[in-house]
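**Q** I'd like to ask you about the structure that follows.
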Amino acid sequence: MLSALLMIVHPVLANELVVPSLSEVAVDPVSEDAAGKKKDKDKDGKDKDKDKDKDGKDKDKDKDEKKTKIAGFTIEPYVSPGGGVQIDTSGGTAVTAGADVGVIYTKKELEGNLYVGGAYITGEGVEGFDVHLGNTLAYRAEYWGAGGGLAITYNGQTNTNTGKDILAPALGAQIPVDIKVGPKKYYGTAGVTPSWYFDDSRKPDAGEVPLGDEFEWRVGAGLKIGDFKGEIGYSTLYTSAGTYSTPVLTVGYNP
């Protein structure tokens, strides 16, 4: 994102330069500006030149022009690592860590998120993994937003003491639905994700799960400062093997 410009003046042009004498330039002793030179200011009295770089280009306009656009959507890549502590029904704990990478695409009030990611779970007597690919699309107004999507996941957990599966590795489909309240720089979130798996061993007994083969609800809050974003949250996941509660912290970076 850094650039440098080097300008070289040809020696031939030196003969064409005319240097005015001191009597030809009147200087205001207070502002040290040449007489007759009026600074260009906006309606608030601010110097417009401050919004421009050393070459006189509009900084905001130049920044917008550098953003990638496809079919009218502004495309911004991001990476979002995160982790948490998973607590199961019996009180056992495990550490989760992973990351998502993807692109956020926006057009007026539409905001989409295409992502791929993975996570690793480890603890005393437990080990697991999750890989996923998904996309969400939401309506985002100034102070609220709502949307949903579809994700394909492959995950599982194993008891490392016995070698038996807690949750057999299986392919599944997830439907996340979320709402946001607050401006884009600081906001609260809430959502649910029902999931269905293509493995009979992942099917719960009647009444174990509110909807689907697995079901998650979550709440959280986020803060965005410049290119960086941080979120804290709490989620509860209902599965055929029990219920898992997880406090979560994630950070994000949009270059």
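No value in this document is a laboratory result; all are computed from the given coordinates. No experiment lies behind these values; they were computed from the predicted model shown. Glycine also receives a Cβ, built like all others from the backbone with ideal geometry; neighbour counts cover every protein chain displayed.
**Q** Hey, what do the phi angles of segment 68-81 turn into as Karplus ³J(HN,Hα) couplings, whole Hz, using 6.51/-1.76/1.60 and θ = phi - 60°, x for Gly and Pro?
**A** Karplus-based 3J(HN,Hα) across segment 68-81 equals 6, 10, 10, 6, x, 8, 7, 9, 10, x, 8, 9, 9, x Hz.
**Q** A further question on this structure: Select from L133, L110, G92 the residue farthest towards the positive end of the dipole of segment 72-253; place +1 on Cβ of Lys and Arg, -1 on Cβ of Asp and Glu, and compute about the Cα centre.
**A** The listed residue farthest towards the positive side: L110.
**Q** What is the fewest-to-most order of Y253, Y197, Y187 by other Cβ atoms lying within 10 Å of their Cβ? Mind dumping the intermediate values first?
**A** Working: Y253 13, Y197 24, Y187 20.
Lowest to highest Cβ neighbour count: Y253, Y187, Y197.
**Q** Give the shape of segment 72-253 as rounded, prolate or oblate, defined through the alpha-carbon gyration tensor: a ≥ b ≥ c are the square roots of its eigenvalues, a/c under 1.5 means rounded, and otherwise the shape is prolate if a/b is larger than b/c and oblate if not. Don't skip to the answer; put the middle values down first.
**A** Working: a/c = 1.95, a/b = 1.72, b/c = 1.13.
Taking the square roots of the gyration eigenvalues as a ≥ b ≥ c, segment 72-253 is prolate.
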